[in-house]
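In what follows, a structure is listed as structure tokens, so that the remarks can point back to it.
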Amino acid sequence: MSDQLCLYCFKTFNSKDMLVRCQVGDSGECAFEDDNAHHKYWLEQKDLAQPKLSPIGDKGLLKKISGRLDRQYPCAQCEEPSDLLCCPHCHNALPHPEDRSGEIILSILGGPDCGKTTYLGMLCENFNTVMAPRYSLHPHNEEVRDRYEEVYVQPLRNLEVLPSTRPPAYDSDIRHPLIFELRETGEDAQSQRLIVLHDAAGEELSNRRALRRFNRYVLHSQGTVLFVDAEQAPKIRPRIAKPKPLVRRASDIIQTVTRQIINEKNLSGHRVDGHLAVVLGKLDVLSDASLIGEPPVLQREYDFEVLKTSRHGPTFSRSEAAAVSNEVESLLHLIGAQDIVGTIGGLYDSFGFFGVSALGHAPDPTTLKLRRSPEPVRLLDPLLWLLAKLDVVEITD
Ligand SMILES: Nc1nc2c(ncn2[C@@H]2O[C@H](COP(=O)(O)OP(=O)(O)O)[C@@H](O)[C@H]2O)c(=O)[nH]1
Ligand SMILES: [Mg+2]
Ligand SMILES: [Zn+2]
Ligand SMILES: [Zn+2]
């Protein structure tokens with residue numbers, strides 16, 4: 001087993017240097033101890049005292065064990081077995097090295113407030129509804145599950161809108177990876193892949209040092225989702241009575257990010273491998289006359305592909321994705337956001353256009369509440385396209 005990449009701190013290490021975190025709990029049988037590296041990584045948000053960390057006793061152990069149930073390593077203090085293996089640098093729990101061969105890393109990019117966090121908050125449940133029973137998505141461990149629930153899902157369940165200026169602690173929460181297991185139930189067995197999603201906090205993309213750190217995720221990504229915010233489009237923003245502050249354009253963000261990738265990877269030809277899903281987000285805004293006045297861009301009586309119920313799930317429909325992609329490309333021209341089309345054409349070989357609304361309606365700007373439960377539109381389209389490109393979900397015509 002060779003070098004591993006930490007999904008949290010993005011440093012590399014050898015598997016045999018991973019540390020075992022005791023799982024006995026705080027019941028007194030195995031005393032907690034100060035964990036400075038963990039505390040520092042979480043910017044002091046997590047308790048300093050953590051369960052005991054110890055080296056993997058027998059260095060050969062990792063090699064010999066392949067059955068999942070056998071992956072138990074003794075705590076050096078209490079000797080109880082644990083299957084929690086951690087990064088030797090930042091001390092966060094990571095998937096077992098044996099499970100990481102088919103791992104897929106995806107980055108979520110876009111300007112501040114374009115809807116990235118909301119999108120991710122809706123993703124897991126929507127995936128499990130549309131793709132059941134063949135495919136399902138599950139947070140990989142307790143840390144991911146708790147953070148996903150608290151930061152992403154719970155606010156939406158309470159119909160809360162996240163305020164646009166957030167305390168730094170909030171944003172520091174979202175630069176951590178969302179590690180999911182994608183399970184596929186076959187005729188006689190279940191297989192699984194790890195899907196790692198990185199949600200960029202808006203500020204990270206406007207600050208060069210932070211951008212360099214964020215780029216480490218992008219550098220290792222096989223696929224990227226780039227959001228274009230319908231509310232920010234040059235021909236939409238002037239139609240909104242109280243528009244949100246103007247933010248950096250998606251075309252500008254993707255240029256900066258890809259230029260750095262090209263430099264770091266020393267890519268000749270100045271093109272990037274990997275797949276790029278360009279998502280026109282907050283699609284609901286385009287059909288909302290109360291927000292942008294008459295006539296709305298998307299009128300229900302016309303036959304818009306993006307407004308039709310998606311045929312994807314549990315397989316990916318190639319013909320439908322092509323029809324939607326063509327239509328969204330035209331829509332981008334119509335709303336004055338066509339700069340993105342030219343920009344990415346010069347940078348990527350594999351890209352597609354998508355239209356989604358994570359909420360299905362615009363939240364009330366005065367109460368900062370959603371008016372009703374979210375009704376996502378075409379939420380899975382970009383993710384399924386990426387997963388189809390990466391050979392994870394089946395493609396049909
Ligand atoms: N109209 C509309 N607003 C949305 C949608 N998704 C998110 N928003 C709003 O856009 C704002 C920013 O969302 P957020 O997910 O925090 O964006 P982030 O900064 O990119 O993570 C919030 O006020 C959301 O309620 C959507 O699908 N439609
Ligand atoms: Mg966010
Ligand atoms: Zn212990
Ligand atoms: Zn680490």
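Assorted remarks:
- Within segment 288-340, the set of residues being in a loop (DSSP other than H, G, I, E, B), of a type in the set (A, V, I, L, M, F, W, C) and more than 24 Å from the chain's Cα centre (by Cα) comprises Val297, Leu298, Phe304, Ile335.
- Of all positions in segment 117-138, none carries a residue that is more than 16 Å from ligand 1 (Cβ to nearest atom) and in contact with a His (Cβ under 6 Å, 6 or more places away or on another chain).
- Selection within segment 127-164: residues that are farther than 30 Å from Cys86 by Cα and surrounded by 16 or more Cβ atoms within 10 Å (Cβ to Cβ). The member of this set that is farthest from the chain's Cα centre (by Cα) is Leu159.
- Look at segment 98-110: where a residue is buried (at least 22 other Cβ atoms within 10 Å of the Cβ) and a partner is modelled with pLDDT under 90 and among the charged types (D, E, K, R), sitting 6+ places away or on another chain with Cβ atoms under 6 Å, you get Ile108/Asp199.
- Residue count for segment 87-116 under the criterion of being among the hydrophobic types (A, V, I, L, M, F, W, C), within 16 Å of ligand 1 (Cβ to nearest atom) and part of a loop (DSSP other than H, G, I, E, B): the result is 1.
- Within segment 342-367, the set of residues being crowded, with 19+ Cβ neighbours inside 10 Å and free of Cβ contacts under 8 Å to residues at least 60 places away in the same chain is empty.
- Filter result (crowded, with 17+ Cβ neighbours inside 10 Å and more than 14 Å from Ala277 (Cα to Cα)) within segment 315-326: Thr315, Phe316, Ser317, Glu320
Residue-by-condition table, conditions (1) out of contact with any Cys (no Cβ under 7 Å at 6 or more places or on another chain); (2) closer than 12 Å to Ala230 by Cα; (3) buried (at least 16 other Cβ atoms within 10 Å of the Cβ); (4) touching a residue at least 40 places away in the same chain (Cβ under 8 Å):
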residue	(1), (2), (3), (4)
Ser268	yes, no, no, no
Asp273	yes, no, no, yes
Asp284	yes, yes, yes, yes
Ser287	yes, yes, yes, no
Ser290	yes, no, no, no
Gly293	yes, no, no, yes
Gln299	yes, no, no, no
Phe304	yes, no, yes, no
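- Criterion applied to Lys265, Lys244 was being within 16 Å of ligand 2 (Cβ to nearest atom) and basic (Lys, Arg), and the one residue passing it is Lys244.
- A single member of Ser357, Ser310 is among the hydroxyl-bearing types (Ser, Thr, Tyr) and at pLDDT 95 or above, and it is Ser357.
- Scan of segment 371-394 for residues that are out of contact with any Phe, Trp or Tyr (no Cβ under 8 Å at 6 or more places or on another chain) and either of a type outside the set (A, V, I, L, M, F, W, C) or within 22 Å of Val306 (Cα to Cα) (or both), ordered by number: Arg371, Arg372, Ser373, Pro374, Glu375, Pro376, Val377, Leu386, Lys389, Asp391
- Some residue of segment 65-73 being hydrophobic (A, V, I, L, M, F, W, C) and either at pLDDT 90 or above or within 16 Å of ligand 4 (Cβ to nearest atom) (or both): no
- Residues of segment 341-363 that are within 15 Å of Glu231 (Cβ to Cβ) and not in a loop (DSSP other than H, G, I, E, B): Gly355, Ser357.
- Scanning segment 239-280 for residues being closer than 23 Å to Leu383 by Cα and not in a helix (DSSP H, G or I) gives a total of 11.
- Single unsatisfied condition, His275 versus (1) within 29 Å of Ala362 (Cβ to Cβ); (2) in contact with a helix residue (DSSP H, G or I) (Cβ under 8 Å, 6 or more places away or on another chain): (1)
- Residues that are in a strand (DSSP E or B) and away from ligand 4 (no atom under 14 Å from the Cβ), drawn from segment 3-54: Val20, Glu33, Asp34, Ala49, Gln50, Ser54
The values are calculated or read from the model by the stated rules, or taken from the named source; none is laboratory data. Since the structure is predicted, the reported quantities are computational estimates derived from the model, not experimental observations. Glycine gets a Cβ as well: all are built from the backbone with ideal geometry, and neighbour counts include every protein chain shown.
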